[in-house]
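Asks: Structure provided below as structure tokens; questions to follow.
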Amino acid sequence: MTTLIILSVLPLLLLYLGLFKANKTLLPVSVIGLLVGLGFAFAEWNANAQPIFSGMMLFDRFSVAFSSITILSTVLILLLSKGYFEKISSHVAEYYAIILFALAGIIVMVSFHNMVMLFIGIEIMSVSLYILAGIRKNDFASNEAALKYFLMGAFSTGFLLFGITLIYGASGSFNLEAIRNYVVESPREISPLFYTGLLLVIVGMCFKVGAAPFHFWTPDVYEGAPTLITTFMSTVVKTAGFAAFLRLFSACFATLSDFWAPVLLIITVLTLFIGNITALYQQSFKRMLAFSSISHAGYLLFAIVALGSASASSVFVYASAYSVASIIAFAALILVHRQSGSDSFDSFNGLASKNPFLAFTLTVAMLSLAGIPLTAGFVGKFFMFSEALNKYQIWLVVLAVVNAIISIFYYFRVIIAMYFRTTDRGEVAVPAYYTFVLGLSAIITIVIGVYPALISDLI
Amino acid sequence: MSTFYFIAFLSIFFAILVITARNPVHSILYLVLTFFTFTIHYILLNAQFLAIVNFIVYMGAILVLFLYTLMLMNLNKDNEPMKSNIVKIAAVFGGGCLLVTVVASLKTMTVSEPVVLQNPDLGLVKNLGKVLFNEFLLPFEVSSLLLLSAMVGAVLLATKDKQPKTI
């Protein structure tokens, strides 16, 4: 709870700092504030957490773990923002404030114990993101991204809200425990309203996490939004979306899995194939990352399809690995884009000879995203697949392995461009903050890959 | 009971006028009347708060917004696009699907037990306030974050930058 309070007050502080033109202090203050919030989150680490505020929130291990990974990723992303927002306009404080508002919503999303909190958390996050996607007011692509995201997001919110309403109508409560009791106590007398509501909630959540066939907003929004915001959307927001999805389903609907598992199974397979095959044809690195984020949503859905006691920790490991690797990829993209002004794969040609460090970290990130052993991505995929195998979803795993092989092809295009294509190019300037973020993320990726027990037993 | 039937008749009557009116502005004005009859329904159900919210938010704010949008869009008969045959076929198909669903669900419908409210004063503002400030205090407070974030964002998007720089 303290974390949520800190993250709610911090944006207000930033707005005041912006009012008094103290733009130099914005980044240090927000990073320090986030680290303090992280510390308080750790302090709430507790095996026997009880719901608080008449059953509204529950800060258990799950919520602390996911709060920590989202706060850490946000810190890394904010470190990349040094000198980034100043180029867009002079209202820098507002940008930081809105990012932190979104993070506060995310904390609500990963610790809810009541459907009302879930909805409010998702809305705080989404409204902030609609604004962030459109902060480049003079850029047509950014305007398009914001408008598309807003319309699609509002549409999906309608589905989610209607689903929640129907579930409330059937079970008579918003409280997760009460809904679970309703499902468990009389499994034969569940009202049809409840099933309809469940399906609508699935549709709403799949919109939010960008799973096919509800993914169509993702590529345009990710490509049009400023790259730093895309980084935030594809790492922190995706992690939070899946955490909320998993929390809702494991808390309430676990016993009904015969009903919803086939639906999610089809969504998973579609997401994997659409994400990976479309990514093959992209010429722009940013758009490729957007499609790859769709396919990673497919892998993350595995944990919900094969819902079990280990689901939470496998989503945690996978989301951490994916977030860290994506941050490297987007950071490299920002640097290369700054120099060459283009997002295409060709702009990475010959990067290795001039910037060996940048090329090396990007290689680690690509290997991790592709799921090569000794990187965090492999560990994440391993947990996901082994859990699905435990539930005898053999065909699902076979299809996923085929998809992992397809994905190697497009991730390796970047590596090949960097190391084996040569062009005349100058050295890309890498600021110190970027070196720190790139180095730290690469180290985290390799450490988790070599010694996964560090984080896999947390939840 | 006769009041209910009268108001229900008015609701349906105005709702039909909404979809049959040729002029979009008339259509919206009928929609205002439809919502007004809903407000009366809520009052009959002893739901004060819903009645007030429906009156202020739906009739007052949202429909006025509708009217403004219509004024800006300048919908005339001349520039209304001609609908192609494919659209018509799709519409007939969609409507048919809806009809089948409605008929099927009507067939399986049974009359349920009448719902008896434990507390007939459930919809009064006083009771709602008690629930809102006891059990649902946290969501109520956290919504302020949502509003604040939206407000900051709206101001941010609406202000003009002094030195627009494109990258």
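Here, each number is a calculation from the coordinates, and none is a lab measurement. Just so it is clear, the model here is predicted, and its values are computed rather than measured. Using ideal geometry, Cβ is built from the backbone for each residue, glycine included, and neighbour counts are taken over all protein chains shown.
Asks: Kyte-Doolittle cut-off 0.5, length cut-off 24 Å along the helix's own axis using Cα: show which whole DSSP H helices in chain B pass.
Replies: B:2-20, B:24-44, B:85-107, B:137-158
Asks: May I ask for the distance between the Cα centers of the range A:362-383 and the range B:90-158, given as a whole number of Å?
Replies: Centre-to-centre (Cα) distance: 44 Å.
Asks: Within a 10 angstrom radius of the beta carbon, how do A:W217, A:W45, A:W395 rank from fewest other beta carbons to most? Mind dumping the intermediate values first?
Replies: Numbers: A:W217 19, A:W45 14, A:W395 11.
With the fewest neighbours first, A:W217, A:W45, A:W395 line up as A:W395, A:W45, A:W217.
Asks: I'd like the mean, over residues of B:132-143, of how many other protein chain beta carbons sit within 10 Å of each residue's own Cβ. Mind dumping the intermediate values first?
Replies: On the way: counts 0, 0, 1, 8, 7, 3, 13, 13, 2, 3, 14, 4.
Per-residue shielding by partner chains comes out at 6.
Asks: Mean separation of Cα pairs under 8 Å and 6+ residues apart, divided by the residue count of the range B:1-76: what relative contact order is that in percent?
Replies: Value for the range B:1-76: 28 percent.
Asks: On to the next question. Suppose we keep just the alpha-carbon trace of the range A:2-456; what are its Rg and Dmax in angstrom?
Replies: 21.1, 71
Asks: Enter the Cα centre distance for the pair the range A:1-73 and the range A:212-232, rounded to the nearest angstrom.
Replies: 26
Asks: Continuing with this model, one more query. What are the residues whose amide H is under 5 Å from the amide H of A:M57, where those residues sit 5 or more places off or on another chain and H is modelled from the backbone?
Replies: A:I52, A:H113
Asks: Kindly express, to the nearest 10 degrees and within the range 0 to 90, the angle between helix A:238-252's C-alpha long axis and the longest C-alpha principal axis of chain A.
Replies: 10
Asks: Still on this structure, I have one more. Using a Förster distance of 45 Å, how high is the FRET efficiency between B:E141 and A:A432, based on the Cβ-Cβ distance and rounded to 0.05?
Replies: 0.65
Asks: Based only on Cα atoms, what mean projected area does the convex hull of the range A:170-234 have, in nm²?
Replies: 5.9
Asks: Helix A:432-450 versus the longest principal axis of chain A: what is the Cα-based angle in degrees, 0 to 90, to the nearest 10?
Replies: So the inclination is approximately 50 degrees.
Asks: If you average the sequence gap of Cα pairs under 8 Å that are 6 or more apart and divide by the length of the range A:2-456, what percent do you get for the contact order?
Replies: On the way: 714 pairs, mean separation 62.0, N = 455.
The normalised contact order for the range A:2-456 reaches 14 percent.
Asks: Suppose we keep just the alpha-carbon trace of the range B:1-76; what are its Rg and Dmax in angstrom?
Replies: 13.6, 43
Asks: Sticking with the crude label model, points 7 Å out along Cα→Cβ, report the distance from A:S173 to A:D258 in nm, one decimal please.
Replies: 2.5
Asks: For a Förster distance of 51 Å, can you work out the FRET efficiency between the beta-carbons of B:I62 and A:D346, rounded to the nearest 0.05?
Replies: 0.55
Asks: Same structure again: Expected output is a single nm value to one decimal: the length gained when fully extending between A:N143 and A:I443, i.e. 0.36 nm times separation in residues minus the C-alpha distance. What is it? Write down the numbers at each step before the final one.
Replies: Numbers: separation 300, 0.36 × 300 = 108.00 nm, distance 3.65 nm.
Full extension of this stretch gives 104.4 nm more.
Asks: Roughly what angle does helix A:92-110 make with the longest principal axis of chain A, taking Cα atoms, 0 to 90 degrees, to the nearest 10?
Replies: Between helix and principal axis, roughly 30 degrees.
Asks: Let me ask another. What aspartates and glutamates sit close enough to A:K21 to cross-link, taking a C-alpha to C-alpha distance under 14 Å and skipping anything fewer than 8 places away on the same chain?
Replies: Those aspartates and glutamates meeting the cut-off are A:E86, A:E94.
Asks: A further question on this structure: Each residue of the range A:69-86 in turn: what ³J(HN,Hα) in whole Hz from Karplus with 6.51, -1.76, 1.60 and θ = phi - 60°, glycine and Pro shown as x?
Replies: 5, 5, 5, 4, 4, 5, 4, 4, 5, 5, 5, 6, 7, 4, x, 8, 6, 4
Asks: Using only alpha carbons, build the gyration tensor for the range A:104-184 and give me the equivalent ellipsoid semi-axes, biggest first, whole Å.
Replies: Working: eigenvalues 208, 36, 7 Å².
Square roots of five times the eigenvalues give 32, 13, 6 Å.
Asks: Shifting gears a bit: Taking only Cα atoms and a 10 Å spring cutoff, compute GNM fluctuations for chain B and point out the largest among B:V152, B:V57, B:V32.
Replies: B:V152
Asks: Pairs to check: A:K208/B:K160; A:K238/B:K83; A:K208/B:K107; A:K137/A:K238; A:K137/B:K88. Give those whose C-alpha atoms are more than 29 Å from each other in this structure. Walk me through the intermediate numbers first.
Replies: Working: A:K208/B:K160 31 Å; A:K238/B:K83 40 Å; A:K208/B:K107 36 Å; A:K137/A:K238 25 Å; A:K137/B:K88 39 Å.
Beyond 29 Å: A:K208/B:K160; A:K238/B:K83; A:K208/B:K107; A:K137/B:K88.
Asks: As a check on your grasp of the helix formula, calculate [θ] at 222 nm for chain A: sum -39500 (n - 2.57) over DSSP H runs of n ≥ 4, divide by the residue count, round to the nearest 500. Present the calculation step by step, with values, prior to reporting the outcome.
Replies: Working: 20 runs with 341 residues, N = 459.
The helix-only estimate for chain A comes to -25000 deg cm²/dmol at 222 nm.
Asks: May I pose another question? If I model a spin label at A:Q339 and A:F360 as a point 7 Å from the Cα along the Cα→Cβ vector, what separation in nanometres do I get?
Replies: 1.6
Asks: Placing one identical point scatterer on every Cα of the range A:47-152 and ignoring solvent, what is log10 I(q)/I(0) from the Debye formula at q = 0.12, 0.17, 0.19 Å⁻¹?
Replies: -0.50, -0.86, -0.99
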